[in-house]
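The values are calculated or read from the model by the stated rules, or taken from the named source; none is laboratory data. Keep in mind that this is a model prediction, so the values were computed, not measured. Here the Cβ positions follow ideal geometry from the backbone for every residue, glycine too, while neighbour counts run over all protein chains shown.
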Amino acid sequence: MEKKFGLIGLTVSHSFSKSFFDEKFFREGLRDYHYDLYELKEIKDLKKLLGDNPELCGLNVTIPYKEQVIQLLNDVDATAKKIGAVNVIKIKDGKLRGVNTDSDAFLESVEKWFPNEPGSKALILGTGGSSKAVQEALKKLNIPFQTVSRSKGTGDITYDELSKNGNIISESKLIINTTPLGMSPNTNTMAPIDFDKITPQHYVYDLIYNPARTQFLQKAEMRNATIKNGLEMLHIQAEKSWAIWNN
Ligand SMILES: NC(=O)c1ccc[n+]([C@@H]2O[C@H](COP(=O)([O-])OP(=O)(O)OC[C@H]3O[C@@H](n4cnc5c(N)ncnc54)[C@H](OP(=O)(O)O)[C@@H]3O)[C@@H](O)[C@H]2O)c1
């Protein structure tokens, strides 16, 4: 029986999810399974998409709909509710259930990579949906963090305040970029932090996976920091999506 899955977002052509699931379906001999990319101009277009594709069993959700989609769901799991963002939808008997797998995917990825020693602190750049997923993961790992925002009152500090207090970067050995700055095709930009404060003891994680080495990661690498992009997190969250759709 034909089963459809896919990714909804505003611009999804850059996504690696389709090739991930196409390869998976091929490897596992699931010839009637398909994964497609669906660009929605507005989140309310989801209703038409579902009407036109009754074979849809599951969707991934990306920018800018992870928060907006919640209003259209029948049910949202506890973690997604807490984070306020959904990146996986399970469709069963016409009912939509929202789940967040970004948070646990980030947790699994960072846990085996970052040596979480007593006194470790983190700095999270950006305060959007993926930032909230990262915050939830760091709480579970007992790593204290500060969030950096462009606007006062949205995060813990602004980029301006960060630049005036050099100790924050020096003391935050884990730095995570959750902004879309540097993501393909706009690769020529990055979050404005002072890279002179980055040392070989720093671990710099960029949630972006396309390009593999953003300008942000390149700058950190030049300072001999340990770097990681978002590809492993993407793969872990995709496997978690698959487990949810098959449960
Ligand atoms: N690897 C993975 O599995 C994975 C999973 C999720 C997301 N991601 C990636 O993570 C990135 C963010 O996704 P998201 O869903 O969190 O997006 P989002 O909800 O739009 O949030 C991004 C945040 O970044 C900050 N920001 C946005 N534009 C900015 C700009 N021009 N300059 C400085 N800061 C800016 C904003 O925070 P302030 O307004 O507070 O500054 C915003 O809330 C994307 O590149 C996405 O592809 C990767």
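Limited to region 128-141, what total is found for residues that are at pLDDT 95 or above and either more than 18 Å from residue 237 (Cβ to Cβ) or among the charged types (D, E, K, R) (or both)?
3
Please go through region 203-218 and pick out each residue that is part of a helix (DSSP H, G or I) and touching a strand residue (DSSP E or B) at 6+ places or on another chain (Cβ under 9 Å).
Listed by number, the residues that qualify are 216, 217, 218.
Could you tell me whether region 142-150 includes any residue that is assigned to a helix (DSSP H, G or I), more than 10 Å from the ligand (Cβ to nearest atom) and at pLDDT 95 or above?
No: region 142-150 contains no residue that is assigned to a helix (DSSP H, G or I), more than 10 Å from the ligand (Cβ to nearest atom) and at pLDDT 95 or above.
Is it the case that region 17-30 has a residue that's in a strand (DSSP E or B) and either free of Cβ contacts under 8 Å to residues at least 60 places away in the same chain or in contact with a strand residue (DSSP E or B) (Cβ under 7 Å, 6 or more places away or on another chain) (or both)?
No, that holds for no residue.
State whether the residues of region 49-59 include one that is more than 16 Å from residue 8 (Cβ to Cβ) and in contact with a strand residue (DSSP E or B) (Cβ under 6 Å, 6 or more places away or on another chain).
No, region 49-59 contains no residue that is more than 16 Å from residue 8 (Cβ to Cβ) and in contact with a strand residue (DSSP E or B) (Cβ under 6 Å, 6 or more places away or on another chain).
Identify all residues within region 177-197 that are surrounded by 21 or more Cβ atoms within 10 Å (Cβ to Cβ) and either more than 24 Å from residue 136 (Cβ to Cβ) or more than 10 Å from the ligand (Cβ to nearest atom) (or both); write none if there are none.
190, 193
Which condition number in (1) in contact with a strand residue (DSSP E or B) (Cβ under 7 Å, 6 or more places away or on another chain); (2) part of a loop (DSSP other than H, G, I, E, B) is the one that residue 221 fails?
(2)
Kindly indicate whether residue 154 is surrounded by 13 or more Cβ atoms within 10 Å (Cβ to Cβ), within 16 Å of the ligand (Cβ to nearest atom) and in a loop (DSSP other than H, G, I, E, B).
Yes.
With respect to residue 115, determine if the residue is within 20 Å of residue 232 (Cα to Cα) and surrounded by fewer than 17 Cβ atoms within 10 Å (Cβ to Cβ).
yes
Against the condition within 23 Å of residue 247 (Cα to Cα) and hydroxyl-bearing (Ser, Thr, Tyr), how does residue 38 come out, does it pass?
The answer is no for residue 38.
Could you tell me which of the residues 241, 170, 163 is within 30 Å of residue 30 (Cα to Cα), among the polar types (S, T, N, Q), more than 10 Å from the ligand (Cβ to nearest atom) and not in a loop (DSSP other than H, G, I, E, B)?
Among 241, 170, 163, only 241 is within 30 Å of residue 30 (Cα to Cα), among the polar types (S, T, N, Q), more than 10 Å from the ligand (Cβ to nearest atom) and not in a loop (DSSP other than H, G, I, E, B).
Out of 136, 171, 161, I need the residue that is farther than 19 Å from residue 101 by Cα and in contact with a Lys or Arg (Cβ under 7 Å, 6 or more places away or on another chain). Which one?
Result of the check over 136, 171, 161: 171.
Among the residues of region 87-106, which ones are charged (D, E, K, R) and buried (at least 23 other Cβ atoms within 10 Å of the Cβ)?
Of everything in region 87-106, just one residue is charged (D, E, K, R) and buried (at least 23 other Cβ atoms within 10 Å of the Cβ), namely 102.
What number of residues in region 113-141 are in a helix (DSSP H, G or I) and charged (D, E, K, R)?
4
Please tell me if residue 80 is in contact with a strand residue (DSSP E or B) (Cβ under 7 Å, 6 or more places away or on another chain), in a helix (DSSP H, G or I), of a type in the set (Gly, Ala, Ser) and within 24 Å of residue 56 (Cβ to Cβ).
The answer is yes for residue 80.
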